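A short worksheet on the structure shown next.
The values are calculated or read from the model by the stated rules, or taken from the named source; none is laboratory data. Source: prediction; values computed, not measured. Ideal geometry is used to build each Cβ from the backbone, glycine not excepted, and the neighbour counts take in all protein chains shown.
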């Protein structure tokens, strides 16, 4: 479980996150949603310690994040960010093996079991065929799948992802999020696509104007009356059997019932 209480962040004089509370539950996927500039990535960085909030606290399974040693934090939390490792000379297989680092001693080298775990994780994201390729030579979508494989190889109990579907085609957007949804981890994911959030998240935090506008189960947060003022666009919600879909239109334009 990851909990944040009263965390804040500002860039210069501009507050981005202002005294925000968040709770991500074990075995569930928490989605961070909101328009551009609402602070989704900033909040994610606060939750895994890349930024240190001047206010409040972040805890992981009850332990304060800032008190954890880096190796301990890495065993608990695996992170996938958008700008990672583009210029490295490593092969894909070597990149994924980096995920085993928190489980190795200071001078310990990876062994057969580490290589097996890395290969299995590459297979889970559909990237086994890339193992011998240079990571730097991959497309954006291929890189994203490899970075997720590296996070899986870390075998952490918490997974945090910043726009994991960025650069992925429709098929892999769904395959990656379905993979995340099927993990027995506490997962937090930043998403722009509200329909993907509806399909693969259990809970949502909607950010806007520096704070939390709404938080709770998907069906409660994805209410057009809540979303329209935040996004500035007209929204129609369709509940079809067990699926929720959102249709969007200009705020001054009605769509047929």
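Between 92, 96, 125, 146, the distinction of being over 28 Å from residue 60 (Cα atoms) and buried (at least 23 other Cβ atoms within 10 Å of the Cβ) belongs to 92 only.
The set of residues in the stretch 44-63 that are in a strand (DSSP E or B) and within 16 Å of residue 77 (Cα to Cα) comprises 58, 59, 60, 63. Selection of the stretch 1-34 for residues being over 24 Å from residue 76 (Cα atoms) and at pLDDT below 95 yields 10, 11, 12, 13, 14, 15, 16, 17, 18, 19. Output the residues belonging to the stretch 7-43 that are in a loop (DSSP other than H, G, I, E, B) and surrounded by 15 or more Cβ atoms within 10 Å (Cβ to Cβ). 28, 34, 35, 38, 39 - these are the residues of the stretch 7-43 that are in a loop (DSSP other than H, G, I, E, B) and surrounded by 15 or more Cβ atoms within 10 Å (Cβ to Cβ).
Scoring residue 69 on the criteria (1) under 30 Å from residue 136 (Cβ atoms); (2) without any contact (Cβ under 8 Å) to a residue 24 or more places away in the chain leaves a single failure, condition (1).
Among the criteria (1) more than 21 Å from the chain's Cα centre (by Cα); (2) more than 27 Å from residue 192 (Cα to Cα), the one residue 97 does not fulfil is (1). Among the residues examined, residue 200 qualifies as farther than 28 Å from residue 133 by Cα, surrounded by 22 or more Cβ atoms within 10 Å (Cβ to Cβ) and at pLDDT 90 or above. Just one of (1) in a helix (DSSP H, G or I); (2) over 17 Å from the mean Cα position of the chain (by Cα); (3) in contact (Cβ under 8 Å) with a residue 12 or more places away in the chain fails for residue 126. It is (1).
Only one of the numbered conditions (1) out of contact with any helix residue (DSSP H, G or I) (no Cβ under 6 Å at 6 or more places or on another chain); (2) not in a helix (DSSP H, G or I) is not met by residue 206, and that is (1).
Every residue, every condition in (1) at positive phi; (2) not in a helix (DSSP H, G or I), yes or no:
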residue	(1), (2)
144	no, no
147	no, no
151	no, no
155	yes, yes
160	no, yes
165	no, yes
168	no, yes
171	no, no
174	no, no
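Look at the stretch 7-28: where a residue is in contact (Cβ under 8 Å) with a residue 40 or more places away in the chain and a partner is loosely packed, with under 14 Cβ neighbours inside 10 Å, sitting 6+ places away or on another chain with Cβ atoms under 7 Å, you get 7/55; 8/54; 8/55; 16/10; 19/6; 19/55; 21/6; 27/184. I'm checking my understanding of the structure. Among residues of the stretch 209-232 that are modelled with pLDDT of 95 or more and part of a loop (DSSP other than H, G, I, E, B), which one is surrounded by the most Cβ atoms within 10 Å (Cβ to Cβ)? The qualifying residue surrounded by the most Cβ atoms within 10 Å (Cβ to Cβ) is 222. Would you confirm whether or not the stretch 225-239 contains a residue that is within 16 Å of residue 34 (Cα to Cα) and under 14 Å from the mean Cα position of the chain (by Cα)? So far as the stretch 225-239 goes, no, none of its residues is within 16 Å of residue 34 (Cα to Cα) and under 14 Å from the mean Cα position of the chain (by Cα).
Would you call residue 197 touching a residue at least 12 places away in the same chain (Cβ under 8 Å), assigned to a helix (DSSP H, G or I) and within 27 Å of residue 178 (Cβ to Cβ)? The answer is yes for residue 197.
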